[in-house]
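Here's the structure we're looking at; comments come further down.
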Amino acid sequence: MKPQRFLKSALSNKVVIRKFVCLILLLVACSFIIIGQAQTETDPKGIEDPAFASDLEELLTTVYCYCGCTRETIKVCVCNTAVAIEASFKDELANGKSVDQIRTAYLDKYGPEFYAVMPAEGINLLAYIMPAVILVLIGGVVFVVLQRSSRSMQGALGTSESDDGSESQVSDDTVKQVEAELERYKRGN
């Protein structure tokens, strides 16, 4: 009787393992179905469209939020006002308005101080031009200084060669002395 008892327990373990494997496979299949369904859902406003997303990105990064927090663009600001403005921009873009129309309407309503990009006009033009002017001036000063120093170096070398022609003679004499010392050393060893 004892061998049959072990046989029954072995069979019951196989059944339990099969049921457990089937349950795991069912859970994996369900998770794949759920993930696939979540990935195929689309936003009704067209967020998946790259042109729409880039237009929205441009709006959110070029306009400041009017909420009263620190001066942050709508993309960076985390207040509820910024979320509402973003939703408004999405609706207006979905209705066919252009980025310039939406931005102009926003700036007309809240003021030009909420434009995050400094326009290149008037006194602001200096802010765009001055870095290039400063770089050109610094480059010119460095060029002039290098030219003057190279001229003074050439002048100094030219006068020393004309004044003292024995410099090459001394170096020849030194070479002859070194060679003589080297020969004496070789003979000694």
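The values are calculated or read from the model by the stated rules, or taken from the named source; none is laboratory data. Worth saying up front: this structure is predicted, and the values here are computed from it rather than measured. Using ideal geometry, Cβ is built from the backbone for each residue, glycine included, and neighbour counts are taken over all protein chains shown. Just so you know, the surface numbers come from the protein's heavy atoms only, side chains and all, with ligands and any DNA or RNA stripped out. Shrake-Rupley method; radii C 1.70, N 1.55, O 1.52, S 1.80 Å.
Assorted remarks:
- Mean Cβ neighbour count within 10 Å, used as a protection proxy, ranking 109-116, 59-66, 122-129 highest first: 59-66, 109-116, 122-129
- In this view, the solvent-accessible surface of Cys30, computed with a 1.4 Å probe and all protein chains in place, comes to about 60 Å².
- R0 of 35 Å, Cβ-Cβ distance Gln154-Val178: FRET efficiency to nearest 0.05: 0.70
- As a calculated quantity, the FRET efficiency between Gln101 and Cys30 at R0 = 45 Å, using C-beta atoms, amounts to about 0.45.
- Prolate/oblate/rounded call for segment 21-134, Cα gyration tensor, a/c under 1.5 rounded: prolate
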